[in-house]
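Each reported figure results from applying straightforward, stated rules to the coordinates on display, with no laboratory input. Nothing here was measured: the structure is a model prediction, and the numbers come from that model. Here the Cβ positions follow ideal geometry from the backbone for every residue, glycine too, while neighbour counts run over all protein chains shown.
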Amino acid sequence: MSKPNDRGLFAELTARMADVNLGDLDEPTDEVQDDDEVVGVLTDELKRLYALRSQEIDRYGNLSVKNMRKTADLMESKPSPDEMRAALEGLAQEKLAHKIRYNIVDALFKAALRLEFPALADKKAALREGWQVAAHHDRSGELPLTLLVGLLSC
C-alpha cells in the first residue's frame, strides 16, 4: 500500500476502504438498550468506513507513542534551543496532520451514517451487536424528575 502522501487524500482513503476485509472486523458488542430505537443495520460500505475510522484512531495512538520516544531521544542528545524548537514543531505538525485526517474520516462516517439512516438526523447514533444502528436517547445530561421538582419547589 502507498504512503499517505503518495496520492491525494480521498484516493488513499478510498483505496484503504477497498482493502478492508469485512471478515476481519470486530463487530460492536454492546447490546441494544431499552431507550434505543434500532433504525437498521450497517451497510458493508459503512463498515469499511468504520474500519478506516478505527485505523485512524490506532495510527494516532501509535504516533503519540512514537513522538514520546522521539522526544525522549531528543532530550538525551541535548540539542540547542533552536534544534529543540524545530524538532518539537515538526512533531506537533505531524500530530496535527494525523488529527485532521482522523477528524475528516470521523466526519465522513457520521455524515454517511446519517444519510443512510435519515432517522438519525437529529439524534445520537450508536452501533450495537450485529452491526445494528440505533438512535440512542442519551439522558445522562438530564436532571432526574424528582430532583427537578425539588429544585423548583424551593
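At most 16 other Cβ atoms within 10 Å plus a DSSP loop assignment makes a site exposed; report the longest stretch of the chain without any exposed GluC sites (Glu not before Pro). The partial results should precede the final answer.
Numbers: sites that count: Glu31, Glu142.
The longest uninterrupted stretch comes out as 32-141.
For the range 4-152, the relative contact order comes to 38 percent (Cα pairs under 8 Å, sequence separation of at least 6).
Per-residue Karplus couplings for the range 96-108, computed as 6.51 cos²θ - 1.76 cosθ + 1.60 with θ equal to phi - 60°, are listed in order as 5, 4, 5, 5, 4, 4, 4, 4, 5, 5, 4, 5, 4 Hz, Gly and Pro entered as x. Candidates Met68, Gln93, Leu25 compared by Cα position along the dipole of the chain: farthest toward the positive end lies Gln93, with charges placed on Cβ. For the pair the range 28-46 and the range 123-137, the centres of their Cα atoms are 4 angstrom apart. Sequence-ordered 3J(HN,Hα) estimates for the range 25-32 from the Karplus curve with 6.51, -1.76 and 1.60 and θ = phi - 60° stand at 6, 8, 7, x, 10, 5, 6, 4 Hz, glycine and proline given as x.
Taking amide H as placed 1.01 Å from N in the peptide plane, the amide H of Val39 sits under 5 Å from that of Val133, Ala134, Ala135, each at least 5 places away or on another chain.
Annotation: extensible slack from Met84 through Lys99 equals 3.2 nm (criterion: 0.36 nm per residue apart, minus Cα-Cα distance).
With helices as the sole contributors, the chain gives -20000 deg cm²/dmol at 222 nm; each DSSP H run of n ≥ 4 counts as -39500 (n - 2.57), and the sum is divided by every residue. The order of Ser64, Ser54, Ser80, going from fewest to most other C-beta atoms within 10 Å of their C-beta, is Ser80, Ser64, Ser54.
For the range 121-133, the Karplus equation 6.51 cos²θ - 1.76 cosθ + 1.60, evaluated at θ = phi - 60°, returns couplings of 2, 10, 10, 7, 9, 9, 9, 10, 3, x, 6, 5, 9 Hz by residue, with Gly and Pro reported as x. Among Val105, Val32, the order by Cβ neighbours within 10 angstrom, fewest to most, reads Val32, Val105.
Spin-label model, Ala18 to Met68: label points 7 Å out along the Cα-to-beta-carbon direction sit 3.7 nm apart. Taking only the C-alpha atoms of the chain, the Rg (one decimal) and the largest Cα-Cα distance, Dmax (whole number), read 21.5, 66 Å.
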